[in-house]
Amino acid sequence: MKKIFIPLLLLSITYLQAQTYTRRDSLQGGLRPERTAFNVLHYALDIKIDPDKKYISGYNEISFEVLDDTKRIQLDLFENMKVDSIIHNNKKLDYKRDNDAVFISFPNELKAGNKEKLKFYYSGKPVVARNAPWDGGFVFNKDNNGKPWVGVAVQGTGASLWYPVKDHQTDEPDNGATIKVAVPNGLMNVSNGRFKGSKDLGNGYTRWDWEVVNPINNYDITVNIADYAHIHDNLNGLDLDYYVLKDNKEKAIKHFEEVKPMLECFQEKFGQYPFYEDGYKLVETPYLGMEHQSAVAYGNKYRKGYMGGDLSFTGVGLLFDYITIHESGHEWFGNSITSKDIADMWIHESFTTYTESVYIECRYGYEKAMKYINGQRRNVQNDKPVIGVFGVNKEGSGDMYFKGALMLNTIRHIVNNDAKWWDMLLKYANTYRKQVIDTETVINFFNKESGINLTPVFRQYLNHKDIPVLEIKMFKGLFGCRWKTDVEGFAMPVDIMVDGKEIRLMPTTIWDEKYIDKVEDLDDVEVKTNEFFITVEKH
């Protein structure tokens, strides 16, 4: 099972990198005046989904503020979906389609400072995912009773796969979103935020209304259609809601008991749950999982680990449900703190993968956490840089997960003060709460808060495929060490053990030779590679 799932996680992202960059990529990933001229304030989706025909119809009412005078804006909708009409001030607007981009023209110039609304009517059969969540699209499935079970996951692929949107991570709707979805009677739709009621439309469909009051990533907006059972709980005033297939209700009640200790741990380490007003939900899905804000997709089939396997190969990964912990960690890192460009998706995945170890440390202690995170070394490919290509909607290497988490563990031990480390993580999560940031912002923050120049460390792990190599040698009774890296002037402390005593070295890229008591040959030296994600070469 491990041999099946781990390559899927890693190779799917590597595959994306191998593609040629096209005009479509630039239209989706780039920022041009037609995008930067306006700021989205609110999305109001009102759609009908026919699971049998795999068909969507309806509209998205988009409220926005004009930032620069303009007569034209860009919205996005996959080209296989039909634009029925775009209405502004009760008049149809002209538009031009270019791949998945929809360039909308206004008869009169929109003035900076104005607040506007348009209704974008559309319809069609959305892309169906072959292997969600690694490829984007809808999943149309059936439950054990033959009833429709539908979900969607579009991270990386783009939310415009199924609804008209400004499909770029730099712009989240400031005032959240309203999501109204009509589905056949007897089924329920669960979306993000709070349930606001349902209405029988008298045509064989019931509309389910949801509202999000917080800013939300485009790819986080979701629909989940099934004959769900609802379980409600509460943690110190935070509403916890679980929507599961009815046959799984009793199993879910027991299995989701780890949610409360997880949330207590994450709130201690990263601050209050960021979307308190919208509540916390787990929703059972016909695919493995996704971090849909306040409606986390859960498809791990009530198993511990990753579909019953252990991504750390240590046994520690079987102490918890990977999907529950990892995808919920994204509420802080990815949903609350979001990267401006998906080339910087390490900001989502590295920190969130690290939250798994944080959870283990909260519940089972430091030693098990270190065993788990170091077990993940086997998953690191060192194939490509973690940071991807900007402006063309391309993520970096799948190493953003495990290598990124190991980088953070390394930085923790560079800081060498756990009280300070936890304070830094908490301050980071609170400082950039519900904000969209980039790599430079992260590096500057940790440099300032640690009082250490960590820039070379971040650069080596993120911008180059190889990890630092510590070269050590003995020369005429002296112990010598240096770093071999891609980053010029690289410097990073590292700890060694000699005769039961810990010694901190301060290597650079230049050989440093010194006398160390009780070191006569390299077998006397143990480099603490569980604390520093490095390669050691002995000469």
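The values are calculated or read from the model by the stated rules, or taken from the named source; none is laboratory data. These figures come from a predicted structure and were not determined experimentally. Ideal geometry is used to build each Cβ from the backbone, glycine not excepted, and the neighbour counts take in all protein chains shown. For the accessible areas, the whole protein counts, side chains as well, though only heavy atoms, and no ligand, DNA or RNA atoms are used. Shrake-Rupley method; radii C 1.70, N 1.55, O 1.52, S 1.80 Å.
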Residue check for TYR298: open to solvent by 10 Å² or more (accessible area, probe 1.4 Å) and not basic (Lys, Arg): no
Enumeration of residues in the range 472-494 that are surrounded by fewer than 17 Cβ atoms within 10 Å (Cβ to Cβ) and under 20 Å from ASN530 (Cβ atoms): PRO493
Got at least one residue in the range 419-427 being over 23 Å from TYR366 (Cβ atoms) and charged (D, E, K, R)? no
What are the residues in the range 98-113 that are in contact with a strand residue (DSSP E or B) (Cβ under 8 Å, 6 or more places away or on another chain) and part of a strand (DSSP E or B), if any? ALA101, VAL102, PHE103, ILE104, SER105, PHE106, PRO107, ASN108, GLU109, LEU110
Hits in the range 195-227 (condition: surrounded by 22 or more Cβ atoms within 10 Å (Cβ to Cβ) and hydroxyl-bearing (Ser, Thr, Tyr)): TYR219, THR222
Quick check, is ASN300 of a type outside the set (D, E, K, R), without any contact (Cβ under 8 Å) to a residue 60 or more places away in the chain and not in a helix (DSSP H, G or I)? yes
Criterion: open to solvent by 60 Å² or more (accessible area, probe 1.4 Å), over 27 Å from the mean Cα position of the chain (by Cα), of a type outside the set (A, V, I, L, M, F, W, C) and within 23 Å of PRO215 (Cα to Cα) - qualifying residue of LYS82, LYS91, LYS117: LYS117
When residues of the range 120-134 are filtered for being in a strand (DSSP E or B) and open to solvent by 60 Å² or more (accessible area, probe 1.4 Å), how many remain? 2
For the range 473-506, which positions are in contact with a Leu (Cβ under 7 Å, 6 or more places away or on another chain) and either over 17 Å from HIS539 (Cα atoms) or part of a loop (DSSP other than H, G, I, E, B) (or both)? PRO493, VAL494
Taking the residues in the range 303-333 that are among the aromatic types (Phe, Trp, Tyr) and part of a loop (DSSP other than H, G, I, E, B) as candidates, determine which candidate is surrounded by the most Cβ atoms within 10 Å (Cβ to Cβ). TRP332
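Residue by residue, here is whether (1) at pLDDT below 95; (2) among the β-branched types (Val, Ile, Thr); (3) buried (at least 21 other Cβ atoms within 10 Å of the Cβ) holds:
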| position | (1), (2), (3) |
| --- | --- |
| VAL66 | no, yes, no |
| THR70 | no, yes, no |
| LEU77 | no, no, yes |
| ILE86 | no, yes, yes |
What number goes with the only condition from (1) farther than 21 Å from VAL181 by Cβ; (2) open to solvent by less than 60 Å² (accessible area, probe 1.4 Å) that GLY137 does not pass? (1)
I'd like to verify a number: residues in the range 364-398 that are under 20 Å from the mean Cα position of the chain (by Cα) and open to solvent by 10 Å² or more (accessible area, probe 1.4 Å), how many? 13
Residues in the range 342-350: is at least one under 23 Å from LEU319 (Cα atoms) and assigned to a helix (DSSP H, G or I)? yes
Close pairs from the range 488-509: first modelled with pLDDT of 95 or more, partner part of a loop (DSSP other than H, G, I, E, B) and among the small types (Gly, Ala, Ser), Cβ under 6 Å, at least 6 apart: THR508/ALA491
Can you tell me which residues in the range 257-274 are within 12 Å of SER328 (Cα to Cα) and open to solvent by less than 30 Å² (accessible area, probe 1.4 Å)? GLU258, VAL259, MET262, LEU263, CYS265, PHE266, TYR273, PRO274
